[in-house]
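Chemist: The structure follows.
A short reminder: the numbers here are calculations on the coordinates, not readings from a lab. If you're wondering where the values come from, they're calculated on a predicted model, not measured in any experiment. We place every Cβ from the backbone using ideal geometry, glycine too, and count neighbours over all the protein chains shown.
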Amino acid sequence: MIEVALALRMEKIGKAFPGVQALSEVDLEVGQGEVHAIVGENGAGKSTLMKILAGVYQPDAGSIHLNGVEVVLQSPLEAKRQGIRMVYQELNLVPDLSVSENIALGRIPKKRGLVDRARMDADARGVLSELQTKIVPSMIVGDLTVSQQQLVEIAKAYASEPKIIVLDEPTSSLSEHETQALFRVIRRMSSAGVSVIYISHRLREVIDIADTVTVIRDGRRIDTQSIDGVTVEKMISLMVGRQLDEVFPKKKVPIGDTILEVKNVSVPGRCEDVSFTVRAGEIVGLAGLVGAGRTEVAQAIFGLRRYSRGQVIVGGVSTHITRPRKGIKAGIAYVPEDRKTEGIIPSESIRNNISLAVLPSLQRAGFIERRKEKELAQQKAHELGVSPPLIERLANTLSGGNQQKVVLAKWLAAKPTVLILDEPTRGVDVGAKADIHTIIGELAAQGVGILMISSELPEILAVSDRIYVLHEGRVTEEIARSDASEERVMRAATGGGLS
């Protein structure tokens, strides 16, 4: 067996915040050229450990060694000087600058004292080509989609030629094609001796890309194993003590009459003649590759996008929904894909976020009745298991899973007939994922019709009663639960279901 030199050793790392012991005697060893995955629930301590490595936090106890030499990383700048780069889940780009300017930030090439734009664009073009993306260096970052911005963030870190790179949920908004391109780049970095620390809730990806996996729970390292022989079930068991079939619990409920009918809805350039139905108590999956038009269809139904033709019928009543207020009035609720910018107001309290969709019902003589608002927020936070259930706490202090519960609580306060969920478990851990699916099952049991978009095929297959698959803006196939498989959905998603 060949001994691999250690690029990183973090030994007995401890870190406490007021009232919370975030990390306790955590050890982590990463070899040169190794892809080392770190998994655990939100709040387990993964991000805190990595922020210590990135110089954002200083540990209360323990030591860090790089290539056998002890170092003290007192700032992010010092960590960068040591060759450490971290790609955060929350993007850190300048929206008004171009792609090439963002990639070159901190390393902008100059010629005769001026910015060498030709070289900067060429360097950006080279790294973007390796990621197999169609992003052009001159594009303005603020005009890009979330998945494109994610690729720019990764390109920025890769272009700096790191010795250790930390990727925190790098594929949370990437398509399958983009994910595989990223994996090729990770393998290339690994072959060149770069150590990659890979944090993800997508456990099947961990098995595909990692050499080693470390499980962290409640601020402690539970286990470190070679990926050979590790299964998704084993990782989940180590992380949260749940079995895989508990992550996507499916509750059997009676299916009622059709409550949402979408007929030939078209959004120019996004989707064409999309038709489907949702019945009371039914969970209908909307599958397809990123860019297939799933989100655009959902937004059109809710009133966030104008559709040029077609019909939306809710509860037997045809209604032309042109703005979200009309959608809410018709009995539709929409949980968006990007909870940070569209689902919650991060700087506001849990109470203010939960009451947002129903403020008119809480008013009297033009003023909000605070007692009613507090009672509503406390009730919904309790029902959905928001932790901690402190309604005056700011939303941006919560974990991703609890923020998503707040978004759900906001819309459930409106008592919808139809609930549209766009990537409802994106970026949340398996424990929160199971909680959210339990909530979805309970809503279906209450007769709510649910339309769910998800890029995770196991999720779509596990919870859907029926699945509609989109390819390039058109429905290619409707699949019953009993007939659904990953292969059939993927064939339809890539156009194979078209007759």
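Chemist: Enumerate the amide H contacts of residue 471 below 5 Å, restricted to partners 5 or more residues apart or on another chain; note that Pro and chain-start residues carry no placed amide H.
Modeler: Amide H to amide H, under 5 Å and 5 or more residues apart or across chains, residue 471 pairs with 476.
Chemist: Right, here's the next one. Based on the inverse mean of 1/r over its pairs of different Cα atoms, what is the Kirkwood hydrodynamic radius of the stretch 6-242, in Å?
Modeler: After inverting the mean inverse Cα-Cα distance, the result is 18.4 Å.
Chemist: Something else now. Dividing the alpha-carbon Rg of the stretch 258-493 by 2.2 N^0.38 Å yields what?
Modeler: 0.99
Chemist: Let me ask something else about it. Using only Cα atoms, find the angle between the long axis of helix 176-191 and the longest principal axis of the chain, and express it within 0 to 90 degrees, rounded to the nearest 10.
Modeler: Orientation of helix 176-191: about 10 degrees from the principal axis.
Chemist: So what's the angle, to the nearest 10 degrees on a 0 to 90 scale, between helix 117-130 and the longest Cα principal axis of the chain?
Modeler: Once rounded, one gets 70 degrees.
Chemist: Based on the alpha-carbon gyration tensor of the chain, what equivalent-ellipsoid semi-axes (square roots of 5 times the eigenvalues) come out, in whole Å, largest first?
Modeler: Values for the chain, descending: 39, 27, 24 Å.
Chemist: If you don't mind, another one. Counting only other residues whose beta carbon sits under 10 Å from that of residue 387, what net charge do I get with K and R as +1, D and E as -1?
Modeler: It works out to a net charge of 0.
Chemist: Out of all DSSP beta bridges in the chain, what portion is antiparallel? Express it as a percent rounded to 5.
Modeler: Bridges in the chain that DSSP calls antiparallel: roughly 60 percent.
Chemist: Greater than 31 Å separation of Cα atoms is the criterion. Which listed pairs, 80/234; 156/326; 46/110; 46/250; 15/134, meet it?
Modeler: 80/234; 156/326; 46/110; 15/134
Chemist: Here's a follow-up. Pairing the Cα long axis of helix 370-383 with the longest principal axis of the chain, what angle in degrees results, from 0 to 90 and rounded to the nearest 10?
Modeler: Computed tilt is about 70 degrees.
Chemist: A further question follows. Could the peptides 301-309, 159-167 be put in order, highest first, of the mean number of other beta-carbon atoms found within 10 Å of their residues?
Modeler: 159-167, 301-309
Chemist: Can you give the translational diffusion coefficient of the stretch 36-177 in µm²/s, computed by Stokes-Einstein from the Kirkwood radius over Cα pairs at 37 °C and 0.692 mPa s?
Modeler: 200 µm²/s
Chemist: Just for the Cα atoms in the stretch 337-416, what are the lengths along the principal axes, largest first, rounded to whole Å?
Modeler: So the extents along the principal axes, rounded to whole Å, are 36, 24, 22.
Chemist: For the stretch 179-313, count the residues as N, evaluate 2.2 N^0.38 Å, and divide the Cα radius of gyration by that value, please.
Modeler: 1.51
Chemist: I've got another one for you. Report, in whole Å, the centroid distance computed from the Cα atoms of the stretch 449-499 and the stretch 201-220.
Modeler: 28 Å
Chemist: Less than 21 Å apart at the alpha-carbon level, and either on another chain or at least 8 residues along: which lysines does that give for residue 252?
Modeler: Answer for residue 252, where 21 Å is the Cα cut-off: 433, listed by chain and number.
Chemist: Under 5 Å between amide H atoms, partner at least 5 residues away or on a different chain: which partners does residue 447 have, H built in plane at 1.01 Å?
Modeler: Counting only residues 5 or more places away or on other chains, the set is 281.
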